[in-house]
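*Asks:* Structure below; questions to follow.
Bear in mind these aren't lab numbers, they're just calculated from the coordinates by the rules spelled out. Every value quoted in this text rests on a predicted model; they were computed, and no experiment measured them. Virtual Cβ from ideal backbone geometry, glycine too; neighbours counted across all protein chains shown.
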Amino acid sequence: MTITICGSIKFFDDMVKIQKDLEARGHTVLMPVKADGVDYWAEDNTSRVQAKKTLELINEHFNKIEDSDAILVVNITKKDIENYVGANTFLEIGFAHYRDKKIFFLNPVPDQPYIIDEIQTIDPIVIDGNIDNIK
């Protein structure tokens, strides 16, 4: 199966570990781009926005989703939000749903009031941290 990993780029190191585990199980894994020279942790998001525009990172990731059988949302606790799903990831989930891709969540759906209903409506497959549950 070809799987595109989605999630906050702040989880990139976790995504790389998951990528290696999935590939060891025979999956093809497409990853988000972590742009060089961008401070993803800066309060001022100017460099992140500029990189997304210049490198067309949103379109590039949508193309990866298009070429995949499924997405895996790496939703990990960020600050005080358990199983965080950010705005970009939410866009990717919506696109994957529209393109009729399987949608896996690494962890349970977050209790983020502005997106929880929509995520529950698409009925993602929650794998509870166990990538062996991706089938």
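*Asks:* Extension gain Ile122-Ile81, at 0.36 nm per residue separation less the Cα-Cα distance, in nm? Each step should come with its number before you reach the end.
*Replies:* Values: separation 41, 0.36 × 41 = 14.76 nm, distance 2.10 nm.
Answer, rounded to one decimal: 12.7 nm.
*Asks:* Would you please give the residues with an amide H less than 5 Å from that of Val29, counting only those at least 5 places away or on a separate chain, with H modeled from the backbone geometry?
*Replies:* Amide H neighbours of Val29, under 5 Å, 5+ apart: Ile3.
*Asks:* If you don't mind, there's one more thing I want to ask. Need the full-extension length gain, Arg25 to Glu60, defined as separation in residues times 0.36 nm minus the C-alpha distance. One decimal, nm. Write out the running numbers ahead of the final one.
*Replies:* Values: separation 35, 0.36 × 35 = 12.60 nm, distance 2.52 nm.
Result: 10.1 nm gained on full extension.
*Asks:* Still on this model: What order, most packed first, do the peptides 22-33, 2-13 have when packing is the mean number of other Cβ atoms within 10 Å of each residue? Can you show the working numbers first?
*Replies:* Details: 22-33: 15.1, 2-13: 20.8.
Listed from highest to lowest mean packing, they are 2-13, 22-33.
*Asks:* If the cut-off is 24 Å between C-alpha atoms, which lysines fall inside it for Lys64, apart from same-chain ones fewer than 8 positions away?
*Replies:* By straight Cα distance, Lys64 reaches Lys10, Lys17, Lys20, Lys34, Lys52, Lys53, Lys101, Lys102, Lys135.
*Asks:* Starting from 0.36 nm per residue, how many nanometres of slack lie between Asn130 and Asp100 once their C-alpha separation is accounted for? Don't skip to the answer; put the middle values down first.
*Replies:* Numbers: separation 30, 0.36 × 30 = 10.80 nm, distance 2.28 nm.
Value of the extension gain: 8.5 nm.
*Asks:* For the ranges 118-127, 83-92, what's the packing order if you count other beta-carbon atoms within 10 Å of each residue, average per peptide, and put the highest first?
*Replies:* Result, highest mean first: 83-92, 118-127.
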